[in-house]
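**Q** Sending over a structure as structure tokens; questions will come in a sec.
The values are calculated or read from the model by the stated rules, or taken from the named source; none is laboratory data. Just so you know, these numbers come straight off a predicted model, no measurement behind them. When we count neighbours, we look across all protein chains shown, and the Cβ atoms used for this are built from the backbone with ideal geometry, even at glycine. Quick note on the areas: whole protein, heavy atoms, side chains included, nothing else; ligands and nucleic acids left out. Shrake-Rupley method; radii C 1.70, N 1.55, O 1.52, S 1.80 Å.
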Amino acid sequence: MSNYLALPLSPPPTFTILFAMESEAEPFLALGQTETIEVGFPSTSRFLNWTCGGACCLVVIAGVSSRHGCDRIGQVAAAVMAREALLLAPTSCLVSAGTCGAVCGSLSVGDVITAATTATFYDHRIPLKAFSTYADGNYPLFDLLPFLPDSTRSARVSTGSSLDMSERDVSNLRRLDIAAKEMELAAIAQVAFELGGQAAGLKVIANAAGDQAHGEFTENLNDVSQGLALSLKHLITKE
């Protein structure tokens with residue numbers, strides 16, 4: 001039985017796009033016009049209204065760490081963004097957009113994928129019976145595939161906190177039947193689920209997961225983000 005949310009005929013009223021990194025967001029932002037949104041609560045995130053033709057969406061970018069001077073990647077900032085996005089657009093589907101690393105050999109750099117079925121955490125290891133299923137997460141995802149170009153693939157994506165992979169990570173990724181790994185989706189899906197919202201993932205392969213991921217990621221980030229931007233534009237504008 002599928003864990004996709006049962007909404008087969010039409011998308012939710014709106015999509016909100018969430019980015020962890022400014023460089024992942026820039027190519028998409030450049031495809032339309034943007035206007036900064038001022039919010040009524042303290043935040044380190046950036047909020048933008050993106051428009052292209054007659055279509056529009058809310059964009060949330062995690063922002064820069066005031067302590068470390070880098071993008072606020074990872075699960076904590078992602079959960080904060082998700083909560084903020086739901087405050088601003090409570091009926092919107094939260095789309096975690098960005099890069100990911102290929103775990104299986106059938107995915108190549110530049111492939112755009114929609115996250116299939118459920119969002120999981122592959123590195124939450126809690127050997128206590130009461131938390132056995134909580135560790136994996138398995139939060140339901142909205143199915144974006146019918147609203148994307150035919151070239152888009154669907155694959156299982158899991159969330160962790162590193163670019164490399166330990167032996168335990170590899171074991172968990174295999175157990176969960178994961179094709180790609182990243183650092184935000186499951187946190188966003190958890191917040192959305194627990195607050196009665198919807199979440200989805202649209203990712204692009206930037207590197208093969210593993211010990212050399214950081215170099216390949218840096219080399220490919222700009223190019224693959226261009227392809228992701230075109231898929232996001234199609235999602236919002238239907239063009």
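**Q** Taking 8 Å as the Cα distance limit and 6 or more residues as the minimum spacing, I'd like the relative contact order of the chain as a percentage.
**A** Details: 540 pairs, mean separation 64.3, N = 239.
Relative contact order comes out at 27 percent.
**Q** Same structure again: Sort 174-182, 35-43 for me by packing, meaning the mean count of neighbouring Cβ atoms within 10 Å per residue, highest on top.
**A** Working: 174-182: 20.0, 35-43: 9.2.
Top to bottom by mean Cβ count within 10 Å: 174-182, 35-43.
**Q** Rank-order 196-203, 133-140, 160-167 by packing density, defined as the average count of other C-beta atoms within 10 Å over each peptide's residues, highest first.
**A** Numbers: 196-203: 24.0, 133-140: 17.5, 160-167: 15.5.
Packing order, densest peptide first, comes out as 196-203, 133-140, 160-167.
**Q** Measure off 7 Å from each Cα along the Cα-to-Cβ vector at R175 and Q212, then give the distance between these two points in nanometres to one decimal.
**A** For R175 paired with Q212, the spin-label model returns 2.9 nm.
**Q** Just going by the charge dipole of the chain, with Lys and Arg at +1 and Asp and Glu at -1 on Cβ, which of A119, L232, C100 is farthest out on the positive end?
**A** So the residue we want is A119.
**Q** So for S171, S158, what's the accessible-area order with a 1.4 Å probe, most first?
**A** These residues rank, largest area first, as S171, S158.
**Q** Oh, and also: Please report, as a whole percent, how much of the solvent-accessible surface of the chain comes from carbon and sulfur atoms (probe radius 1.4 Å).
**A** Details: 5950 of 11270 Å².
Of the solvent-accessible surface of the chain, carbon and sulfur hold 53 percent.
**Q** Next question. If I take every Cα pair under 8 Å that is 6 or more residues apart in the range 151-225, average their sequence separation and divide by the length, what percent do I get for the relative contact order? Numbers along the way, then the final one.
**A** Values: 73 pairs, mean separation 24.0, N = 75.
Once divided by the residue count of the range 151-225, the mean separation gives 32 percent.
**Q** Now a separate question. At 1.4 Å probe radius, can you tell me the per residue accessible area of the chain in Å²?
**A** Numbers: 11270 Å² over 239 residues.
Counting only protein heavy atoms, the per-residue value for the chain is 47 Å².
**Q** Mind ranking 79-85, 225-231 by how tightly packed they are, going by the mean number of other C-beta atoms within 10 angstrom, highest first? Walk me through the numbers on the way to the answer.
**A** Details: 79-85: 21.9, 225-231: 19.4.
My ranking of the peptides, most packed first, is 79-85, 225-231.
**Q** Let me ask something else. Given the Cα-Cα distance of R153 and N49 and 0.36 nm per residue of separation, how much length would full extension add, in nm? Write out the running numbers ahead of the final one.
**A** Details: separation 104, 0.36 × 104 = 37.44 nm, distance 2.77 nm.
Result: 34.7 nm gained on full extension.
**Q** Sticking with this structure for a sec: 7 Å from Cα along Cα→Cβ at both L87 and Q226: what's the point-to-point distance in nm?
**A** With each label placed 7 Å out from Cα toward Cβ, I get 3.7 nm.
**Q** Here's another thing I want to ask about it. How charged is the neighbourhood of Y134? Take every other residue with its Cβ under 15 Å from the Cβ of Y134, and add Lys/Arg as +1 and Asp/Glu as -1.
**A** -1
**Q** If I stretch the segment between S23 and I37 completely, what's the gain in nm (0.36 nm per residue apart, minus their alpha carbon distance), one decimal? Please list the in-between numbers first.
**A** Values: separation 14, 0.36 × 14 = 5.04 nm, distance 1.95 nm.
Computed gain between S23 and I37 is 3.1 nm.
**Q** Still on this model: Could you work out how far apart the two model spin labels at K129 and C104 are, taking each label as a point 7 Å from the Cα in the direction of the beta carbon, and quote it in nm?
**A** 3.4
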